[in-house]
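Trainee: Sharing a structure below in structure tokens format, with a few things to ask.
The values are calculated or read from the model by the stated rules, or taken from the named source; none is laboratory data. Keep in mind the model is a prediction, meaning the values are calculated, not measured. Positions of Cβ are backbone-derived with ideal geometry, glycine not excepted, and every protein chain shown enters the neighbour counts. These accessible areas exclude ligands, DNA and RNA; they are computed on the full protein's heavy atoms, side chains included. Shrake-Rupley method; radii C 1.70, N 1.55, O 1.52, S 1.80 Å.
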Amino acid sequence: MNRFLAFALILLCCACEKNGPEPEKQENYDFHDDCYVSAKKQYGLEKIFSDSFLIIKEKEMSKALAHLETAGFEVTTEPYRWIYYTSEEYTVEELSKCVALTVHGYGNLKSVPGLVYSNHMYRDEAGEILGKTNTFLIKFTKNQRDAQMIAIKEYARQHKFLILGDASTEYFRLACTNETSGNCVEMANWFLEVAGFKSAEPEFPEKTIDSENQQQ
């Protein structure tokens with residue numbers, strides 16, 4: 001009897017692995033940004049701890065720059081208006097009137113005045129520097145858009161990311177802040193590994209899904 005129960009438990013575990021984990025049961029999920037998947041190819045990432053990308057409220061920029069200078073950070077990309085794309089269906093107060101910049105240095109960035117988002121920069125396997133974004137793209141499964149959209153809204157409540165709207169006819173754009181469970185790489189990986197979406201990746205300006213598809 002005990003052997004039968006053990007065998008049944010093994011079969012049940014195998015079935016769960018095959019069907020994929022359910023989001024609400026992933027309390028111990030390891031949010032990771034050592035890699036991401038694009039066009040069914042995995043790219044390794046090396047975190048550059050000395051360089052970071054920041055999004056800051058425009059009205060707090062002078063205070064933020066003074067804070068960064070005092071903390072020993074060097075501004076490597078001058079502040080520029082952070083442009084994001086959204087649809088009329090969604091309002092994104094958190095990203096309105098923001099500016100972005102990159103900095104070089106070590107230390108805690110969480111106390112920067114007006115900080116909306118921050119993440120370290122990355123170096124990919126080809127040595128290219130990536131990281132100037134807080135957005136990631138997901139692809140809806142054909143004929144499942146409505147159901148997946150319902151799921152996305154629930155995931156947004158759970159993980160506190162922002163819904164920006166359509167990026168194209170196939171891809172949808174989501175955004176992270178420092179309130180989100182992970183950065184744009186980590187959340188893209190979560191959508192693949194936990195939520196079960198077929199395609200999700202950080203929207204690196206230098207390397208996106210659309211640009212890769214055009215090259216193929």
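Trainee: Of the numbered conditions (1) closer than 16 Å to Tyr43 by Cβ; (2) open to solvent by less than 10 Å² (accessible area, probe 1.4 Å); (3) in contact with a Lys or Arg (Cβ under 9 Å, 6 or more places away or on another chain), Cys176 fails exactly one; give the number of that condition.
Mentor: (1)
Trainee: Return the residues of region 135-152 that are among the β-branched types (Val, Ile, Thr) and either over 17 Å from the mean Cα position of the chain (by Cα) or surrounded by fewer than 12 Cβ atoms within 10 Å (Cβ to Cβ) (or both); say none if nothing qualifies.
Mentor: Once the filter is applied, which keeps residues that are among the β-branched types (Val, Ile, Thr) and either over 17 Å from the mean Cα position of the chain (by Cα) or surrounded by fewer than 12 Cβ atoms within 10 Å (Cβ to Cβ) (or both), region 135-152 yields Thr141, Ile150.
Trainee: Go through the residues of region 153-168 one by one and say whether even a single one is part of a loop (DSSP other than H, G, I, E, B), modelled with pLDDT of 95 or more and open to solvent by 60 Å² or more (accessible area, probe 1.4 Å).
Mentor: Scanning region 153-168 turns up at least one residue that is part of a loop (DSSP other than H, G, I, E, B), modelled with pLDDT of 95 or more and open to solvent by 60 Å² or more (accessible area, probe 1.4 Å).
Trainee: Right, next: Among Phe204, Phe191, which is the only one that is under 26 Å from Ile48 (Cβ atoms), surrounded by 18 or more Cβ atoms within 10 Å (Cβ to Cβ) and at pLDDT 95 or above?
Mentor: Phe191
Trainee: Among residues belonging to region 106-119 that are open to solvent by 60 Å² or more (accessible area, probe 1.4 Å) and of a type outside the set (Gly, Ala, Ser), point out the one that is farthest from Lys57 (Cα to Cα).
Mentor: Tyr106
Trainee: Test Pro113 against the stated conditions and say whether it is part of a loop (DSSP other than H, G, I, E, B), of a type outside the set (Ser, Thr, Tyr) and over 21 Å from Ala156 (Cβ atoms).
Mentor: yes
Trainee: A further question follows. Which numbered condition in (1) modelled with pLDDT of 95 or more; (2) of a type outside the set (A, V, I, L, M, F, W, C); (3) in a loop (DSSP other than H, G, I, E, B) is the only one that Gly44 fails?
Mentor: Unmet for Gly44, out of (1) modelled with pLDDT of 95 or more; (2) of a type outside the set (A, V, I, L, M, F, W, C); (3) in a loop (DSSP other than H, G, I, E, B): (3).
Trainee: Then there is this: Mind listing whichever residues of region 120-134 are open to solvent by less than 30 Å² (accessible area, probe 1.4 Å) and outside any loop (DSSP other than H, G, I, E, B)?
Mentor: Met121, Tyr122, Asp124, Leu130
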